[in-house]
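The values are calculated or read from the model by the stated rules, or taken from the named source; none is laboratory data. What you see is a predicted model; the values in this text were computed from it and never measured. Because the Cβ atoms are built from the backbone with ideal geometry, glycine has one as well, and the counts that use them run over all protein chains shown. With ligands, DNA and RNA removed, areas are computed over all heavy atoms of the protein, side chains included. Shrake-Rupley method; radii C 1.70, N 1.55, O 1.52, S 1.80 Å.
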Number of protein chains: 2
Amino acid sequence: MARIVMKFGGTSMAGSERIRSVAARVKREVAAGNQVAVVVSAMAGETDRLVGFCREASPLYDPREYDVVVAAGEQVTSGLLAIALQAIGVPARSWLGWQLPIHTDDAHAKARIGEIDTGALDASLAAGEVAVIPGFQGVTDDGRITTLGRGGSDTSAVAMAAAMKADRCDIYTDVDGVYTTDPRIVPRARKLAKVTYEEMLELASVGAKVLQTRSVGLAMKKNVRVQVLSSFTGEDAPMADTLPGTMIVGEEEITDVERQLITGIAHDKNEAKITLTAVPDKPGAVASVFEPLAAANINVDMIIQNIAHQSAGSASATDVTFTVPAADLARSIEALNQARGAIGFADLVHDTRVAKVSVVGVGMRSHAGVASTMFTTLGARGINIQAISTSEIKVSVLIHEDETELAVRVLHTAYGLDAEEAA
Amino acid sequence: MARIVMKFGGTSMAGSERIRSVAARVKREVAAGNQVAVVVSAMAGETDRLVGFCREASPLYDPREYDVVVAAGEQVTSGLLAIALQAIGVPARSWLGWQLPIHTDDAHAKARIGEIDTGALDASLAAGEVAVIPGFQGVTDDGRITTLGRGGSDTSAVAMAAAMKADRCDIYTDVDGVYTTDPRIVPRARKLAKVTYEEMLELASVGAKVLQTRSVGLAMKKNVRVQVLSSFTGEDAPMADTLPGTMIVGEEEITDVERQLITGIAHDKNEAKITLTAVPDKPGAVASVFEPLAAANINVDMIIQNIAHQSAGSASATDVTFTVPAADLARSIEALNQARGAIGFADLVHDTRVAKVSVVGVGMRSHAGVASTMFTTLGARGINIQAISTSEIKVSVLIHEDETELAVRVLHTAYGLDAEEAA
């Protein structure tokens with residue numbers, strides 16, 4: 001007997017037919033002798049509808065009342081799945097965030113989960129009941145409803161799995177696992193059987209939108225084994241026996257045989273490049289560039305400082321280039337222009353037609369040459385590298401947006417990731 | 001300074017524009033120096049939508065989970081009204097049934113309100129906050145959500161008013177008050193300034209669908225002054241300054257000058273007449289007719305036992321006629337036919353083309369002749385009376401359905417209720 005958390009997203013909960021399919025899938029895990037808690041999202045579109053109501057009521061809505069409104073979506077699907085389970089002979093009950101309770105801080109609309117009481121839940125599971133738990137919601141110490149921010153149901157599922165000491169947290173999504181890269185770009189992309197938390201974090205944060213980043217971080221911290229697998233065999237088909245998905249695990253669970261040098265290639269077109277020209281080359285000058293951005297809560301990613309150039313008779317100066325999320329470009333420009341006097345740059349040049357392409361893999365820790373293979377491969381196809389950043393398990397380059405797909409394809413081949421047949 | 005409960009129904013909460021109108025109406029009461037709690041329904045149509053989901057999930061749904069699902073409708077409007085109030089500068093917060101809490105028994109889907117804790121609420125009101133409270137919901141002692149049954153928000157409002165010791169409970173509805181009779185039938189019907197609890201109970205239970213009957217009974221028991229008034233000046237117009245509605249009060253609040261012999265004329269076409277012929281005229285025979293109906297939880301209303309007739313050489317027998325709600329007719333026939341051996345009737349005849357017309361008024365307690373005026377008036381127009389029932393403050397007759405409007409009109413005139421001009 002194992003303890004399993006199963007999490008279903010909004011597409012899986014969209015309508016009675018699909019809720020019945022989910023119930024049937026849950027029943028199979030129960031029939032296999034497992035104790036099961038199910039974490040559910042609101043019906044697809046419902047959270048948007050509720051958020052829309054709040055905005056109509058007031059653009060500057062009180063986040064405490066917003067949480068009361070939007071938490072209703074998951075409350076509805078929790079009750080409905082409990083009913084659907086009972087209808088096929090599976091004892092089940094819903095446990096709302098305040099009923100367990102799932103304690104959170106009081107950062108309404110973006111709360112963080114603290115402790116989860118599992119006393120009552122454990123008794124219910126031991127009595128053979130399936131627990132149906134709304135994702136995305138919790139309760140503050142003073143008894144007010146909170147929500148975790150959009151996509152928070154993945155985090156709820158992982159937090160429940162940690163609190164329940166579950167053997168596995170199965171996240172059912174629109175995709176059937178994590179691939180070596182986007183199969184729409186590389187038809188020969190392979191589904192990964194296993195990926196480490198750290199790799200998943202890098203893959204998620206650079207564009208593989210399978211799991212909410214925060215949920216992966218929490219899984220790593222709490223050592224929860226997460227499986228990503230598909231809720232659907234086709235667009236509207238009822239769920240058939242599920243194919244194996246991708247297990248997200250600690251590095252120690254990856255055997256030497258399984259370990260690859262590179263696990264996957266990610267890309268992200270949502271970056272913007274900013275260059276400040278002729279920044280005075282003196283101590284503290286570069287810090288003065290990034291302070292106003294940090295104050296505006298803008299996340300700076302890749303940074304390059306060009307070689308200082310010196311004109312006759314003037315102080316030396318340098319160009320500073322960096323990337324920010326494209327959505328924050330306008331705010332970044334505003335913050336930098338306001339600090340222009342303090343920084344002392346000549347011009348601000350920006351470009352949104354850039355993309356970040358990253359090769360990711362824990363294997364590169366023990367292998368040199370990953371970066372040079374990347375640069376050589378891109379150079380051979382005439383792809384110009386505008387910036388580079390590296391971490392222990394990742395090398396990222398900034399290139400022109402139009403060359404993204406080409407870069408991903410040639411790197412996928414160069415690192416030996418192509419499957420024998422198209423996915 | 002007064003304490004006021006304001007209750008708004010689903011039509012008033014249907015959409016952001018209307019919620020803003022409600023907020024503006026609430027603001028006027030706050031500006032007048034009152035402490036205000038607002039009880040809200042779900043958006044019009046929303047409860048039906050949620051009930052529909054439950055039925056689709058399973059026709060035999062668990063009422064505990066049904067309550068989790070349908071309570072979400074009022075949760076949403078509570079949060080939205082709190083946001084809309086804050087947006088116009090009125091401090092406000094929502095209090096869900098489990099947050100106050102509003103204790104109920106555990107008769108899920110038709111729970112009854114017990115105690116309501118008002119400690120936290122009192123502090124919030126004293127601090128100048130408007131309390132927004134979802135109608136229709138409460139919580140059991142073991143922390144599960146309950147609902148009160150359809151239309152329960154009126155009851156929630158009256159229960160809140162009683163618990164808060166409110167000076168008044170204003171129920172905003174689609175109509176602008178209680179009339180002497182249905183103005184669609186009698187254009188000269190008059191709006192009543194005051195009506196007693198008992199009269200309102202009789203008027204509500206016989207067809208004046210203004211307030212849920214249970215809420216009136218509770219108001220009488222707890223001596224809550226209830227005012228019925230209109231949320232709208234027109235179909236979609238924003239709420240203008242509200243016209244005075246109808247106050248529902250204890251009999252002691254009606255002065256002698258205000259007291260009428262007859263307060264109103266009600267009618268109800270949702271009755272069905274059943275006649276059992278040749279029931280043996282012996283002790284216990286009539287009881288045997290009503291036992292199976294009581295066992296099936298069917299409410300029998302008017303009862304007439306005709307004069308016994310005796311055929312030569314046989315035991316005497318009698319015809320028994322009574323009415324049941326038309327919706328329960330099929331079940332009634334089934335229950336009676338199953339008990340046919342025990343009752344021993346010859347034939348079962350039924351008729352749904354009947355209507356009950358009632359004259360109601362506390363004044364008739366001290367005046368004879370009310371019933372005879374009714375019979376004379378109807379008789380003069382050739383309207384045949386099929387059954388009669390009376391209470392201290394009501395005389396009802398059963399007539400042919402086609403004669404309903406005629407009967408209501410002639411009685412309205414006969415008792416001097418016609419206004420000078422059409423309503």
Next on the checklist: Taking beta carbons within 10 Å but only from partner chains, what does the mean come to for residues B:94-107?
Outcome noted: 2
Checklist entry - Expressed as a whole percentage, what fraction of the accessible surface of the protein assembly as shown belongs to carbon and sulfur atoms when a 1.4 Å probe is rolled over the protein heavy atoms? => result 51
Item to check | Between 0 and 90°, nearest 10: helix A:72-87 axis offset from chain A longest Cα axis | outcome: 40
Next on the checklist: For the interface of chains B and A, what total accessible area is buried with a 1.4 Å probe, rounded to the nearest 100 Å²?
Outcome noted: 3100
Item to check | Heavy-atom surface of region A:1-150, accessible at 1.4 Å and reported per residue (Å²) | outcome: 33
Next on the checklist: Under 5 Å between amide hydrogens, which residues at least 5 positions from A:T173 or on another chain qualify, with H placed 1.01 Å from N in the peptide plane?
Outcome noted: A:L229, A:S230, A:S231
Next on the checklist: Can you order the peptides B:293-301, B:324-332 by their average number of other Cβ atoms within 10 Å per residue, highest first?
Outcome noted: B:324-332, B:293-301
Checklist entry - Nearest 10 degrees, 0 to 90: what angle lies between the long axis of helix B:213-222 and the longest principal axis of chain B (Cα atoms)? => result 70
Checklist outcome for this item: Expressed in nanometres to one decimal, the distance between label points 7 Å along Cα→Cβ at A:A330 and A:D117 is 4.6
Item to check | Relative contact order of chain A, pairs being alpha-carbon contacts under 8 Å that are 6 or more residues apart, as % | outcome: 14
Checklist entry - For A:D402 and A:T255, what is the calculated FRET efficiency with R₀ set at 35 Å and r taken between the beta-carbons, to the nearest 0.05? => result 0.30
Next on the checklist: Give the average, rounded to an integer, of partner chain Cβ atoms located within 10 angstrom of each Cβ in A:80-93.
Outcome noted: 5
Checklist outcome for this item: On the formula 1/(1 + (r/R0)^6), with r taken between the Cβ atoms of B:I388 and B:A32 and R0 of 51 Å, the FRET efficiency rounded to 0.05 is 0.60
Checklist entry - When only alpha-carbon atoms count, how far does region A:338-407 stretch along each of its three principal axes, as whole angstroms with the largest first? => result 46, 26, 15
Checklist entry - Counting partner chain Cβ atoms within 10 Å of every residue's Cβ in B:48-55, what's the average? => result 3
Checklist entry - For region B:1-26 and region B:45-122, what is the separation of their Cα centres, given in Å? => result 16
Next on the checklist: Using a Gaussian network model on chain B with a 10 Å cutoff between Cα atoms, which of B:S231, B:S288, B:S156 fluctuates the most?
Outcome noted: B:S288
Item to check | A:M13 long-range amide H proximity, modeled H, under 5 Å | outcome: A:A44
Next on the checklist: Compute accessible area for region B:143-178 by itself and then with all protein chains, 1.4 Å probe, and report residues whose area falls by 30 Å² or more.
Outcome noted: B:G143, B:R144, B:I145
Checklist outcome for this item: P(r) of the protein assembly as shown over all Cα-Cα pairs, 20 Å bins starting at 0, rounded to whole percent, reads 13, 33, 30, 16, 7, 1, 0
Checklist entry - Roughly how tilted is helix A:46-57, in degrees to the nearest 10 and between 0 and 90, from the longest Cα axis of chain A? => result 70
Item to check | Relative frequency of Cα-Cα separations exceeding 30 Å in region A:3-253, percent | outcome: 23
Item to check | Point-to-point label distance, B:N297-A:Q338, nm (Cα→Cβ direction, 7 Å offset) | outcome: 6.5
Checklist outcome for this item: Non-local residues with an amide H under 5 Å from the amide H of A:R225, with H modelled 1.01 Å from N and Pro and chain starts lacking one, are A:C169
Checklist entry - What is region A:3-253's relative contact order, in percent, from Cα pairs under 8 angstrom and six or more apart in sequence? => result 20
Checklist entry - Okay, helix-only estimate at 222 nm for chain A: each DSSP H run of n ≥ 4 adds -39500 (n - 2.57), divide by all residues, round to 500 deg cm²/dmol; what do you get? => result -10000 deg cm²/dmol
Checklist outcome for this item: proj_area_mean for chain A (convex hull on C-alpha atoms), units nm², value 23.8
Checklist entry - With a ≥ b ≥ c the root eigenvalues of the C-alpha gyration tensor of region B:281-423, is it rounded (a/c under 1.5), prolate (a/b larger than b/c) or oblate? => result prolate
Item to check | For peptides A:192-203, B:9-20, B:336-347, sequence by mean Cβ density within 10 Å, most packed first | outcome: A:192-203, B:9-20, B:336-347
